[in-house]
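Everything below concerns the one structure shown next.
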Amino acid sequence: MDEAGIYARESEYLGQYVQIGVAGQRVISVSFPSTPDPEAEGNHPLLKRVFAYLEGGRDDFTDVEVGLTVPTDQRRVLEATRNVPYGEQVSVERLVRMSGLNPDDEEDHDTVRAALADNPVPLFVPDHRVRDGPSGAPPGVEQRLRNVEGL
């Protein structure tokens, strides 16, 4: 990933585009618009990997560098979410523990939910693997990602 920019390609499986923003060799945004950014280019090696994944290829994307510009407590949650293996799922309760937060504190549960809902790079931070939490991806996309992994 050496070129900064916006890249998008239409996914027939998702029924919308997959759009990624790259800066400084890190993915900084992932979205699923019905119409891509007019500046978006259609060819990027990471998009090829995403489409292979959507076609059933096993890929956990753990080697993809992400740039998270979120508050520290949410960063811990999103980093812990990256550790949920392909094809497995966890609960919000489990993710609270994985993030080093207090499972008895409702505010910590709220922190986890807020981090998942505001996730700027869904798929690369696989919030679709958290079965009872929100996602940074639209609900239809989240369900399709879960289907890809048999969740």
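Table for the structure above
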{"quantity": "Exposed GluC sites (Glu not before Pro) absent: longest stretch of the chain, with sites in DSSP loops and at most 14 other Cβ within 10 Å deemed exposed", "calculated": "89-151"}
{"quantity": "15 Å cut-off, amide nitrogen to a point 7 angstrom out along Thr72 Cα→Cβ, residues in the range 94-124", "calculated": "100-101"}
{"quantity": "Distance between the range 85-129 and the range 1-62 - C-alpha centres, whole angstrom", "calculated": "23"}
{"quantity": "Acute angle (nearest 10 degrees) that the helix 139-148 long axis makes with the longest principal axis of the chain, alpha-carbon atoms", "calculated": "90"}
{"quantity": "Alpha carbon convex hull of the chain, volume per residue in cubic angstrom", "calculated": "98"}
{"quantity": "Ranked list, fewest to most other Cβ atoms within 10 Å of each Cβ, for Ile20, Ile6", "calculated": "Ile6, Ile20"}
{"quantity": "Net charge over other residues, Cβ less than 11 angstrom from the Cβ of Glu142 (K, R count +1; D, E count -1)", "calculated": "+3"}
{"quantity": "Burial ordering of Asp105, Asp118, fewest other beta-carbon atoms within 10 Å first", "calculated": "Asp105, Asp118"}
{"quantity": "Helix 45-54 vs. the chain, principal-axis angle (Cα, 0 to 90°, nearest 10)", "calculated": "70"}
{"quantity": "0 to 90° range, to nearest 10: angle between helix 72-81 axis and the chain longest Cα axis", "calculated": "70"}
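Every number here is computed from the coordinates shown, using simple stated rules; none is lab data. Everything numeric here is computed off the predicted structure, so don't read it as measured data. Quick reminder, even Gly has a Cβ in these numbers, built from the backbone with ideal geometry, and neighbours come from all protein chains shown.
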